[in-house]
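Some notes on the structure that comes next.
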Amino acid sequence: MTTTIPDLRGRSLLRETDLTAAEFLYLIDLGAQVRSQKRAGQRPNRLAGRSIALIFEKTSTRTRSAFEVAAHDEGGHVTYLGPGESQLGHKESVKDTARVLGRMFDGIEYRGSAQRAVETLAAYAGVPVWNGLTDDWHPTQMLADILTMRDHSVKPLTDVCYCYLGDGRNNTANSLLVTGSLLGMDVRICAPEDLQPAQSVQDLARSLSDTSGARVTVSSDVTAAVAGADFLYTDVWLSMGEPESQWDKRIDMLLPYQVNAKVMAATGNPGVKFMHCLPALHNRDTEIGQQIYARRGLTALEVADQVFESSASIVFDQAENRLHTIKATMLATIGGRP
């Protein structure tokens, strides 16, 4: 547990580096606390009288559900503005929208493409703004992920090693690299050279590691990257809006990075766990899964069903922890310290 209670009231969370390591760990502790309270049936109503705007320019299952349930659990009210349901950036500038919503709501969540949009909202709204996902960063996912790792490891976080495999240039990979560097962990990104994190992201991670003592690795060598890992992590390969004409090229590049039984065994760690931020293409039970099977004869992409459905898989713990850590973030920033 952290020994101090940071005051995060009025603060936005736009990227992981908006938090110090101590503040990040405080939100993890608070997430665990509110999880225990929820499981015990406690409803403190610490967001009573609070109104929250949820702006979703990209559709969502976990992020929307987590924000809505978290607010309702604590007596708050949410207004959902889905794709095409606001004038944001179309008939009204993001700056103007921010100044309108900031006069009506106590907090604003944004999920969309442009990082500059969530940053503009935060600059002009006058209330806390939370990044539910942009093309660059995914900080609310990281809070859930680190809580999940802590739940499933007896090691101090600074001794924990995790390796992300797949498309290393997406928001999840960026955030995992920077988060592990912030917290002093052993963080590895394993991806084809053409899909490794941007140099600016790698430079940021290494700068953070100079202070935290993190061990940072970016590699294309699967065997070396996964050796000794406590957690293997991947993300869906076809999530960045690529046209179908590019699917085959991406699949060919990424197939060597599929998390399967062989890769799990290559860690040399019989207790290794599997993580995924979901949704996952691990079988043929989706429209895209059927398309991929018809096109390539593949029954899974980024993770084999054998791994996804195994006892090593903790993906649904991750999904649940989105709720608790998002609740913690809202309580800390607009609800006052509980």
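The values are calculated or read from the model by the stated rules, or taken from the named source; none is laboratory data. Quick caveat: nothing in here was measured; it's all calculated off a predicted structure. All Cβ positions, even for glycine, are placed from backbone atoms using ideal geometry, and neighbour counts span all protein chains on display.
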note = Residue hits (region 193-205; under 20 Å from the mean Cα position of the chain (by Cα) and more than 7 Å from Ser181 (Cα to Cα)) are Leu195, Gln196, Pro197, Ala198, Ser200, Val201, Gln202, Leu204
query = Checking Asn269 against (1) part of a helix (DSSP H, G or I); (2) in contact with an Asp or Glu (Cβ under 8 Å, 6 or more places away or on another chain), which single condition isn't satisfied?
reply = (1)
query = Just a yes or no: is a residue in region 231-243 assigned by TED's automatic domain parsing to the domain that holds Leu183, more than 20 Å from Ala294 (Cα to Cα), within 22 Å of the chain's Cα centre (by Cα) and acidic (Asp, Glu)?
reply = yes
ask   = Can you tell me which of Ser175, Ser181 is buried (at least 19 other Cβ atoms within 10 Å of the Cβ), touching a His at 6+ places or on another chain (Cβ under 9 Å) and either hydrophobic (A, V, I, L, M, F, W, C) or in a helix (DSSP H, G or I) (or both)?
value = Ser175
task = Exactly one condition in (1) within 20 Å of the chain's Cα centre (by Cα); (2) assigned to a helix (DSSP H, G or I) is not met by Val218; state its number.
result = (2)
ask   = How many of the residues in region 281-303 are surrounded by fewer than 21 Cβ atoms within 10 Å (Cβ to Cβ), part of a loop (DSSP other than H, G, I, E, B) and of a type outside the set (Lys, Arg)?
value = 6
query = With Glu302, Glu309, Glu244 as the choices, which residue is under 14 Å from Cys163 (Cβ atoms) and not aliphatic (A, V, I, L, M)?
reply = Glu302
